[in-house]
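Structure record follows, encoded as structure tokens.
The values are calculated or read from the model by the stated rules, or taken from the named source; none is laboratory data. These numbers were taken from a predicted model, which means no experiment stands behind them. Backbone-built Cβ (ideal geometry, glycine too); neighbour counts: all protein chains shown. What goes into the accessible areas is simple: the full protein's heavy atoms, side chains included, and nothing from ligands, DNA or RNA. Shrake-Rupley method; radii C 1.70, N 1.55, O 1.52, S 1.80 Å.
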Amino acid sequence: MNHDSHVETRAVSHGEKPSPEEGRGDVVSPIHLASTFALPALDTGLSLEDVDPDRGEFLYSRLSNPTRHAVEQRLATLEGGTHGFAFSSGTAAIVTAMLATVEPGDHVVAFDDLYAGTRRMLEELFVKRLNVDVSFVDATDTETVAAAMREDTALVWMETPTNPLMKLCDVGAIASLAHERGALLGVDNTFMSPLCQRPLALGADLVAHSTTKYLNGHSDSVGGALVTDCDDLAESLGFLQQIALGNMLAPFDSYLLLRGTKTLPVRMRQHEANAQHIAEFLEAHDGVSRVLYPGLESHPQHELACEQMTGFGGVLSFELDGDMDDVVEFMGHLEEFTLAVSLGGVESLIECPAAMTHEPLPKEEREAVGISDTLIRVSVGIEHVDDLVADLDRAFAAVASLRESPSP
Ligand SMILES: *Cc1c(COP(=O)(O)O)cnc(C)c1O
């Protein structure tokens, strides 16, 4: 396998090159549903470690499976790492990453604007049940992260940009800080995909994904991934995935993910071009009070975005100038955008965090972090951008006419 080839090339074929000499001439990886594999002979000297999926050897599908193995290799190469692991969800990947890196008594520093599920996992499972202490900090300022680091800090967990406020943190600076203090840095790279940001190259030790989003890209599979270039960490992750938790990705979903990754570079380019166009349209619109997208010069961390990201992704947020009733009206008039949580699929999705993804947070807490009732998050799809803009325009016009002629 040529690791020097371009990402577009590796996305198409890495991990599933046909090998007719082994009798496997399939151009695409078949879905290997077998739970167990016949051995050529009874070998009393055989240990688990001798079974090498890289040589086409498999024993039992929880340990390794040809379809999953193919996608794990693909994911590793896309993130520029050496070890890839595919899980049954992004959540399964993240809990495995944390179990591999912290023990009772350890301390974790995490971004205070994390994915809501990850934040709850840390609070309800790690803090309350596993005696791990967690400091949630505003990581937009690396000094704040530095001040939270302690002697017993084992893990720093970051997302950049965050959801839905699109706040960035400096991955390279935080990686140096973590390593100086003997801690590991894990980055959830779901929002950017490896096409727009490669945390391992910036110094992180571990990258996590909800492959449900961009990597699979078609809103038809739930999955997760971890990639690292650290052999020791990979061993712990493999133990947890295959022996202790058994939370691996199933063959059918591995196939879907493998298929999805082939078009990732093409999809991301279109997501990004559409998102940039829509962000600029929104920024110029009277009905909008602010737009949050790292590709806009008005983004407070646009410079950092240009430095550490290789693209700005397809998610943006904006604040409608009005109240919750206006948001309801606005959403009600959209035809191209589907009202739904999740992101990263080819179709455009729209949601209102205060009423949907972030509704479980108390209103005061939401407002303290900057999530107002009229904040709207958009996952921009790959449709023709003119149709998307026309749709938004129609919905803005509906809100404006409602204001001019309020119901009696
Ligand atoms: C969706 C998401 C997750 C959780 O992934 P699931 O596949 O839903 O379990 C974690 N982190 C981020 C940033 C996400 O967007």
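Computed about its Cα centre, the charge dipole of the range 59-128 is approximately 360 debye, with only Lys, Arg, Asp and Glu carrying charge at their Cβ. Each Lys and Arg adds +1 at its Cβ and each Asp and Glu adds -1 at its Cβ; summed about the Cα centre, the range 258-408 shows a dipole of about 720 debye. The longest stretch of the chain left intact once loop-based GluC sites (Glu not before Pro) with at most 11 other Cβ atoms within 10 Å are removed from consideration, loops following DSSP, is 1-150. Rounded to the nearest 10 degrees, the inclination of helix 171-180 to the longest alpha-carbon principal axis of the chain is 50 degrees.
As a calculated quantity, the FRET efficiency between residue 52 and residue 398 at R0 = 56 Å, using C-beta atoms, amounts to about 0.40. Rounded to 0.05, the FRET efficiency of the residue 123 and residue 289 pair, given R0 = 22 Å and the Cβ-Cβ distance, is 0.10. Surface analysis of the chain yields an accessible area of 43 Å² per residue, using protein heavy atoms and a 1.4 Å probe.
Considering only the chain, what is the antiparallel percent among its DSSP beta bridges, to the nearest 5? List each step's numbers first, then the result.
Details: 25 of 44 bridges.
Given both bridge residues lie in the chain, the antiparallel proportion sits at roughly 55 percent.
For the chain, the longest stretch holding no trypsin sites (Lys or Arg not before Pro) located in a DSSP loop with at most 10 other Cβ atoms within 10 Å is which? For trypsin sites (Lys or Arg not before Pro) (loop position, at most 10 other Cβ atoms within 10 Å), the longest site-free span of the chain is 130-408.
Counting protein heavy atoms only, the chain has 52 percent of its accessible area on carbon and sulfur, 1.4 angstrom probe. Computed from the Cα positions only, the extents of the chain along the three principal axes stand at 84, 51, 37 Å, in decreasing order. Its residue count N sets the reference 2.2 N^0.38 Å, and the alpha-carbon radius of gyration of the range 264-404 equals 1.02 times that reference. Beyond 11 Å, the tail of the calculated P(r) for the range 113-152 holds 66 percent of the Cα pairs.
As a test, work out the antiparallel percent of DSSP beta bridges whose residues both lie in the range 264-404, rounded to the nearest 5.
Numbers: 12 of 14 bridges.
In the range 264-404, approximately 85 percent of DSSP beta bridges are antiparallel ones.
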